[in-house]
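Derivation of every value follows stated rules applied to the coordinates shown; laboratory data play no part. Since we're looking at a predicted model, the values are computed, not measured. Here the Cβ is made from the backbone with ideal geometry for all residues, glycine too, and neighbour counts use every protein chain on show.
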Amino acid sequence: MGSTIIFGCGNTLMGDDGFGPAVVDKLNGGGTLPDGVEAIDAMTGVREYLFDYLLSEEGRPEHIIILDAVDFEERIPGELFCIESSSIPAKKIHDFSLHQFPTVNLLQELEAHTSIRVTILAAQAEYIPAEIEPGLTKSMKSAVAKACEKILHIVQNQQNEVTINDV
């Protein structure tokens, strides 16, 4: 099995925006990640990692999984779903903290010009405060546990090429 890097994106001081780091915390604390899989709390700095992978010829993972909270009107708080970087509607890019430019471009470049596969697992936020207010809502805490299960399913079945529709 090849290498997989999981990035938890978000700000733990801003309510449900801390989803990604919370999932990484739980994955790293459970000791259940298979060999070749690393989970990193990227906080709000995932761009630097992605930029390094785009420029580097060596040490690239085969698969990048990105975890982030989103605010999409048509979704239910705590709902998990996958998003392809190329399919994020332009009007929604500003709602997806990870996909502020240039991050969306970096993801698309990685997919187009390297052999890295990118999976984005998003969770619908219930509450992201305007000012500092740490802590996840009940619905997002539930999403953290479900996301860990989905991530483990993805990394344990990579040889069978799990697709976005399977998640």
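Give me the distance in nm between label points sitting 7 Å out from Cα along the Cα-to-Cβ direction at Leu152 and Asp52, one decimal.
Each label point is offset 7 Å from its Cα along the Cβ direction, giving 2.8 nm.
Can you return the aspartates and glutamates within cross-link range of Lys26? Criterion is Cα-Cα under 13 Å, with same-chain partners fewer than 8 residues away left out.
Glu38, Asp41, Glu149
What FRET efficiency, computed as 1/(1 + (r/R0)^6) with R0 = 22 Å and r the Cβ-Cβ distance, is obtained for Thr44 and Phe81, rounded to the nearest 0.05?
Numbers: r = 22 Å, r/R0 = 0.98.
For Thr44 and Phe81, the calculated efficiency is 0.55.
Sorting check: for 137-147, 59-69, 35-45, which peptide has the highest mean count of neighbouring beta carbons within 10 Å, and how do the rest follow?
Working: 137-147: 18.5, 59-69: 21.7, 35-45: 16.8.
Highest to lowest by the protection proxy: 59-69, 137-147, 35-45.
What is the calculated FRET efficiency for His113 to Asn28, with r their C-beta to C-beta distance and R₀ = 35 Å, to the nearest 0.05? Numbers along the way, then the final one.
Numbers: r = 30 Å, r/R0 = 0.86.
The computed FRET efficiency comes out at 0.70.
Lys and Arg at +1, Asp and Glu at -1: add these up for the other residues within a Cβ distance under 14 Å of Met43 and post the number.
Details: positive: Arg47; negative: Asp17, Asp25, Asp41, Glu48, Asp68.
Net local charge, Met43 excluded: -4.
Can you check what the net charge comes to around Leu55, using other residues whose Cβ is under 12 Å from the Cβ of Leu55 (Lys, Arg +1; Asp, Glu -1)?
Working: positive: Arg60; negative: Glu48, Asp52, Glu57, Glu58, Glu109.
Taking every Cβ under 12 Å from that of Leu55, the sum is -4.
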